[in-house]
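Working notes, beginning with the structure itself.
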Amino acid sequence: MAPIPGSGLAKGLAVTLRTMTKKTVTAQYPNVQPDLPPRSRGVIGLFEENCTVCMLCARECPDWCIYIDSHKETLPAAAPGGRERSRNVLDRFAIDFSLCMYCGICIEVCPFDALFWSPEFEYAETDIHELTHERDKLREWMWTVPAPPALDPAAEEPKEIAAARKTADKLAAAQEQAAQQDQTAAQERTARPGQDEEGATE
């Protein structure tokens, strides 16, 4: 069936009329804060304890706006005759938000969950140099990171929790087996003196 001439124009005018009759809603910002979606990309927070200075975020950043400095420390051997180990210690972690394009690659590639999105977006500065946030400032943004959403009850258990539970179950089973062996040995020891006395009387 051929379309009626002018039907497209009529549909467009109908949409315009519906919009014109609706009440306009003005966002009263900054007096009223906007309701942001939970996964808003505002600013990046750093959880320093999880950072291993692997430099993956700095290498993958397309804008090269992440600056990391570190040094190596030698740890003494954990046991006598063991080998000394070295570990990286974070000296500086900074993000230049005047260069950042908020792609989120650094957060996605971090293997130890040290970087998080915060919905905070009010950090404008009059001086562009102030947009380079050092690790202390990035640590402050962690307080504004929302809690992760609850998992679906039917979802598969995270691998880390499953591995930890498996290890705990193995340890509990080994402890229970050791306790049963101790109990059996104690019962045998209590029963043995009676047998020895019977053998002595005979």
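On the given criteria, is residue 148 open to solvent by 60 Å² or more (accessible area, probe 1.4 Å) and under 14 Å from residue 46 (Cα atoms)? For residue 148, the condition - open to solvent by 60 Å² or more (accessible area, probe 1.4 Å) and under 14 Å from residue 46 (Cα atoms) - is not met. For the condition out of contact with any Lys or Arg (no Cβ under 6 Å at 6 or more places or on another chain) and either in contact (Cβ under 8 Å) with a residue 40 or more places away in the chain or among the aromatic types (Phe, Trp, Tyr) (or both), residue 42 qualifies.
Residues checked against (1) surrounded by 11 or more Cβ atoms within 10 Å (Cβ to Cβ); (2) acidic (Asp, Glu):
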position	(1), (2)
37	no, no
44	yes, no
48	yes, yes
56	yes, no
60	yes, yes
70	yes, no
76	no, no
90	yes, no
94	yes, no
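So, residue 135, is that one under 21 Å from residue 47 (Cβ atoms), under 21 Å from the mean Cα position of the chain (by Cα), basic (Lys, Arg) and open to solvent by less than 80 Å² (accessible area, probe 1.4 Å) or not? So residue 135 passes the test.
Here's the yes/no breakdown for (1) of a type in the set (Val, Ile, Thr); (2) free of Cβ contacts under 8 Å to residues at least 40 places away in the same chain:
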| position | (1), (2) |
| --- | --- |
| 95 | yes, no |
| 101 | no, yes |
| 116 | no, no |
| 121 | no, no |
| 125 | no, yes |
| 148 | no, yes |
| 155 | no, yes |
| 179 | no, yes |
| 185 | no, yes |
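Let's see how each residue does on (1) assigned to a strand (DSSP E or B); (2) basic (Lys, Arg); (3) more than 18 Å from the chain's Cα centre (by Cα):
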position: 33; (1), (2), (3): no, no, yes
position: 41; (1), (2), (3): no, yes, no
position: 45; (1), (2), (3): yes, no, no
position: 74; (1), (2), (3): yes, no, yes
position: 79; (1), (2), (3): no, no, yes
position: 83; (1), (2), (3): no, yes, yes
position: 102; (1), (2), (3): no, no, no
position: 106; (1), (2), (3): no, no, no
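Do we find a residue being among the hydrophobic types (A, V, I, L, M, F, W, C), within 22 Å of residue 34 (Cα to Cα) and loosely packed, with under 15 Cβ neighbours inside 10 Å anywhere in region 109-119? No; the residues of region 109-119 include none that is among the hydrophobic types (A, V, I, L, M, F, W, C), within 22 Å of residue 34 (Cα to Cα) and loosely packed, with under 15 Cβ neighbours inside 10 Å. Screening region 151-170 for residues that are open to solvent by 100 Å² or more (accessible area, probe 1.4 Å) and at pLDDT 85 or above and picking the one that is farthest from residue 39 (Cα to Cα) gives 170.
Checked against (1) surrounded by fewer than 11 Cβ atoms within 10 Å (Cβ to Cβ); (2) of a type in the set (Ser, Thr, Tyr); (3) closer than 22 Å to residue 42 by Cβ, residue 86 passes all but condition (3).
The values are calculated or read from the model by the stated rules, or taken from the named source; none is laboratory data. This one's a predicted model, so the numbers in the text were calculated from it and none came from an experiment. Using ideal geometry, Cβ is built from the backbone for each residue, glycine included, and neighbour counts are taken over all protein chains shown. Only protein heavy atoms, including side chains, enter the accessible area calculation; ligands, DNA and RNA are left aside. Shrake-Rupley method; radii C 1.70, N 1.55, O 1.52, S 1.80 Å.
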